[in-house]
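This report concerns only the one structure given below.
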Amino acid sequence: IATGTFTVTSAMATYSTQISVPAAATTGIEVILSVGAQTSGTFGIGRWHLAQEATFSGFDFTRDFQSESGRCRLYFKTSYNPGVAVGAASQLNTGESQQIAIGAADFYLYRMSAVQFGTPMRVTPTVNLYNPSTGLQGSFWNYSTGATSGNSAVGAVAVNGFGVYSSNNALVASQAYGTHWTASSEL
């Protein structure tokens, strides 16, 4: 856990610090800003910035939301709706990749469906698949039977998209299957 302490004055000022993020922080970072010995007045924090860089290069607040959102999509894409946690259960018909099986062998040997990104990612991403009903990784949801079925896998992963297929040939022709996905190309 990294910490930092600042001595503040009544005048507006810019403060910066470097922290080392442990290698074990694979699921996120929590930043907590707190006031220690303030005895009176109002304490305000505005326009804070977290960046991965060797030295502080200053704040850049000139980008609008659309530009910033586009930059974020270079690093992470998902089929989940905004505000829905990755791996959430009972997220049926909310953007997951869905396909009707033509034949079981098609799913086993070839990709079930192709997910195409609207804009390319910065490098070839790591892709994970999630069952939209259970939230667990590695299986499809069968919309035809209302049950989990088959082992899901990815193939042909590229900056523009990826393929989804069954890795155990357990899918049935003419039945509908689906999976949620995330694609990450972190630094």
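Coordinate-derived values only; no laboratory data. Since the model is a prediction, treat every value here as computed from it, not as a measurement. Here the Cβ positions follow ideal geometry from the backbone for every residue, glycine too, while neighbour counts run over all protein chains shown.
Observations on the model:
- All Cα-Cα distances of the stretch 114-187, cut into 5 Å bins from zero to the largest, leave 4, 17, 26, 22, 16, 10, 5, 1, 0 percent in each bin in turn.
- Förster radius 45 Å - calculated FRET efficiency between residue 53 and residue 151, Cβ distance, rounded to 0.05: 0.65
- Point-to-point label distance, residue 39-residue 76, nm (Cα→Cβ direction, 7 Å offset): 4.2
- Cα-projected label distance for residue 168 with residue 27, points at 7 Å along beta-carbon direction, nm: 2.4
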